[in-house]
Amino acid sequence: MTLRRPSFEQLRLAACLVAAFGALMPVHAYTVGIASASRSLYLQVGAGNMAQGNPNSAGNNSTQNNVTVTVPVAALFTGAAAQTMNTDSTVMASPIDGAAYCTPAGKVYVGSFFRTTGSSNNSATLTVSTPANLSSGSATIPFSTISWTGTGSGQYDSEIPSGSFSSTLLTLVSVAKNTWSESCLLFTYTNPGMVPSGTFTGTATYTLTAP
């Protein structure tokens with residue numbers, strides 16, 4: 001899968017397909033209060049452009065990251081276990097405090113804020129839109145064959161819950177005003193069985209909007 005550049009108001013995620021045991025502890029979604037300021041939106045998917053701990057420095061970034069999977073020959077056309085997708089994004093630390101949040105490598109960091117000096121309690125909304133299918137020439141695979149697990153490291157969970165591209169337009173999460181919201185997503189190709197051969201691509205557009 002491929003991640004497109006982050007910007008203040010819109011990001012794109014493109015998807016490309018070629019071809020335990022532990023101690024239980026409470027988890028909490030991760031948000032941090034930030035100072036109010038003139039009305040602005042910031043959304044980062046993968047690489048971003050904000051100096052650590054300084055929302056005033058947030059800006060655009062033209063980097064395009066990729067998230068991909070190559071299905072092993074032995075797993076083709078079998079409906080075998082789902083295949084974990086990997087990303088070339090190296091963002092693992094939270095831009096707001098530097099904590100190692102999106103670890104281990106291979107997950108996609110998502111961070112955002114909605115700043116305003118207004119007195120209303122309006123929040124911003126993060127959505128994602130996709131075409132119905134990934135395509136390789138005239139061949140297609142449903143975009144819904146890609147899912148994600150929302151998780152952060154340690155006791156902090158992801159603001160975006162786990163899900164899949166089950167619809168061409170999904171509402172993912174609300175972002176309260178004057179807060180930094182972050183998530184960490186691990187993408188998976190469900191490997192449904194008999195599909196056409198090829199290199200399949202598609203674009204998911206992440207959009208943060210506020211009333």
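I want the local charge near T116. Using Cβ-Cβ distances under 11 Å, sum +1 for each Lys or Arg and -1 for each Asp or Glu among the other residues. Around T116, the charge tally is +3.
Each peptide in 100-106, 72-78 gets a packing score, the mean of other Cβ atoms within 10 Å over its residues, and the list from highest to lowest is 100-106, 72-78. Which shape class, rounded, prolate or oblate, goes with segment 76-150 when its Cα gyration tensor gives a ≥ b ≥ c as root eigenvalues, a/c under 1.5 marks rounded, and past that a/b bigger than b/c marks prolate? The shape class here is oblate. Normalised by the number of residues in segment 61-211, the average gap of Cα pairs under 8 Å and 6 or more apart makes the relative contact order 33 percent. At a probe radius of 1.4 angstrom, the accessible area of segment 54-160 per residue rounds to 44 square angstrom. Determine the share of segment 74-190's accessible area contributed by carbon and sulfur atoms, expressed in whole percent, with a 1.4 angstrom probe. The computed percentage sits at 51.
Modelled spin labels at N61 and D97, positioned 7 Å past Cα toward Cβ, are 2.0 nm from each other. Where in segment 104-136 is the amide nitrogen less than 20 Å from a point lying 7 Å along the Cα-to-Cβ axis of L169? Taking a point 7 Å out along Cα→Cβ of L169, the residues of segment 104-136 whose backbone N falls under 20 Å are 123-134. For segment 105-211, the calculated P(r) over all alpha carbon pairs, in 5 Å bins from 0 to the bin holding the longest distance, is 2, 11, 19, 20, 17, 13, 9, 5, 3, 1, 0 percent. With the charge dipole of segment 87-211 set up from +1 on Lys and Arg Cβ and -1 on Asp and Glu Cβ about the Cα centre, the Cα lying farthest toward the positive end among the listed residues T149, T90, T179 is that of T179.
The values are calculated or read from the model by the stated rules, or taken from the named source; none is laboratory data. Computed from a prediction, not measured in an experiment: that's the story for all the values here. Glycine gets a Cβ as well: all are built from the backbone with ideal geometry, and neighbour counts include every protein chain shown. Please note that ligands, DNA and RNA were not included when accessible areas were found on the heavy atoms of the full protein model with its side chains. Shrake-Rupley method; radii C 1.70, N 1.55, O 1.52, S 1.80 Å.
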